[in-house]
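Contents: one structure, followed by commentary.
No value in this document is a laboratory result; all are computed from the given coordinates. Owing to the predicted nature of the structure, the values given are computational and were not obtained by experimental measurement. In this analysis, Cβ positions are derived from the backbone assuming ideal geometry, glycine residues included, and neighbour counts consider all displayed protein chains.
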Amino acid sequence: MKLLLDKAKQIRRAVMQLVVTAKMGHIGGDFSEIEILVALYYKYLRISPATQENSNRDRFVLSKGHSVEALYCILADLSFFSTADLATYGKFGSRFIGHPHNKIPGIEMNTGSLGHGLALGVGMALAGKMDAKAYYTYVVMGDGEVEEGSVWEAAMAGAHYKLDHLIAFVDKNGLQISGSTEQVMAHENLEERWRAFGWEVLSINGNDLEQVCMAIETAHKIVGKPIMIVAHTIKGKGCSFMENKVEWHHRVPTDEEFKKFMQQTKRDDKNDCPC
Ligand SMILES: Cc1ncc(C[n+]2csc(CCOP(=O)(O)OP(=O)(O)O)c2C)c(N)n1
Ligand SMILES: [Mg+2]
């Protein structure tokens with residue numbers, strides 16, 4: 001667990017560095033999803049630079065594609081590409097743009113137009129089931145994203161095909177681009193909604209790494225239906241001046257804010273800030 005906690009800190013600092021250098025990004029949603037991505041990439045996902053073409057690899061879809069900076073920093077740390085390469089993020093001509101695409105090593109699917117990642121995950125999980133493969137498909141969505149109707153078509157299909165190797169998360173940070181999810185399109189009782197669609201539903205604190213790990217391990221034991229992990233998180237988690245503030249959906253920290261965050265999260269090991 002210490003390794004994972006340390007990775008979460010390292011990745012938050014790397015994301016901050018990346019966003020401030022490029023002067024673009026969606027840092028609030030990066031910070032809310034970090035524990036989910038860290039648990040998956042450093043503990044559960046059976047993928048690596050050497051095995052990314054292997055048909056038995058686990059699949060991961062970051063459906064809330066705007067929060068790609070956290071994914072980039074993790075993939076760089078895992079050597080899918082170099083940190084020098086990632087340092088071109090946001091520059092003219094760079095392949096590292098503001099949303100994921102599958103020309104980048106380690107990225108399975110193009111996302112960013114919200115509402116499509118779960119359907120892609122259903123397709124991957126169904127293909128795995130038809131081919132009798134043992135891989136898992138993981139999808140991470142935003143809570144604003146689940147206001148899209150296409151998500152619920154995918155929810156029906158996942159249950160219909162009994163896709164028990166499909167594990168989805170909703171990063172339920174309560175905020176989306178222009179306000180709270182309750183203001184924009186209320187969806188109280190989110191857990192009950194997924195249950196009604198035939199999914200096994202787990203509800204956790206998504207910024208607590210132990211809870212994230214326990215939920216994934218519980219999900220691996222479920223048979224006959226897909227699993228939704230409703231991860232209650234805080235947008236901007238881990239940054240004192242960012243937490244729960246809607247403007248941090250895509251605001252870029254000033255130099256002063258950058259320094260403050262780096263001071264508050266100071267670490268002393270050599271692996272700091274891969275970017
Ligand atoms: C189809 C579509 N509509 C609108 C947008 C613009 N957009 C980008 S992020 C965002 C809000 C997403 O909120 P949420 O899913 O809660 O993400 P998070 O809070 O985790 O950043 C919107 C509306 C988009 N990317 N795709
Ligand atoms: Mg949100």
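Just a few scattered comments:
- Virtual paramagnetic centre 7 Å along Cα→Cβ of Ile177, amide N under 11 Å, in the range 96-118: 113-114
- The range 2-264 - convex hull of the alpha-carbon atoms, volume per residue in Å³: 114 Å³
- Residue of Asp85, Asp58, Asp143 that the Gaussian network model of the chain assigns the largest fluctuation, springs spanning Cα pairs under 10 Å: Asp85
- Cα centroid separation, the range 1-68 to the range 123-165 (Å): 20 Å
- Between 0 and 90°, nearest 10: helix 68-77 axis offset from the chain longest Cα axis: 80 degrees
- Looking at the range 165-260, the chymotrypsin sites (Phe, Trp or Tyr not before Pro) that sit in a DSSP loop and have at most 14 other Cβ atoms within 10 Å of their own Cβ are Phe241.
- In the range 15-62, the GluC sites (Glu not before Pro) that fall in loop regions by DSSP, at most 14 other Cβ within 10 Å: Glu53
- Most mobile listed residue (Asn110, Asn244, Asn189) in the chain, GNM with C-alpha springs under 10 Å: Asn189
- Pairwise centroid distance, computed over Cα atoms, of the range 192-250 with the range 72-116, Å: 23 Å
- Checking the cross-link pairs Lys23/Lys266; Lys64/Lys103; Lys9/Lys43; Lys7/Lys259; Lys133/Lys235; Lys7/Lys266 against a 25 Å limit on the alpha carbon distance flags Lys133/Lys235 as lying beyond it.
- Normalised contact order of the range 178-244, rounded percent, pairs of Cα under 8 Å and 6 or more residues apart: 29 percent
- Computed on the chain, with alpha-carbon pairs under 8 angstrom and 6+ residues apart, the relative contact order is 25 percent.
- Surrounding net charge for Glu182, when Lys and Arg each add one and Asp and Glu each subtract one, Cβ distance under 13 Å: -2
- Where labels lie 7 Å past Cα in the beta-carbon direction, separation of Phe241 and Ser113 in nm: 3.8 nm
- Gain on full extension, evaluated as 0.36 nm per residue between Ala127 and Asp255 minus their Cα-Cα distance, stands at 41.3 nm.
- Per principal axis, descending, Cα span of the range 1-61 in whole Å: 37, 27, 18
- In the chain, the longest principal axis of the Cα atoms and the axis of helix 209-221 are about 20 degrees apart.
- Choice from Asp171, Asp255, Asp208 with maximal GNM fluctuation in the chain (Cα, 10 Å cutoff): Asp255
- Estimated [θ] at 222 nm from DSSP helical runs (n ≥ 4, -39500 (n - 2.57)) normalised by residues in the chain, nearest 500: -12000 deg cm²/dmol
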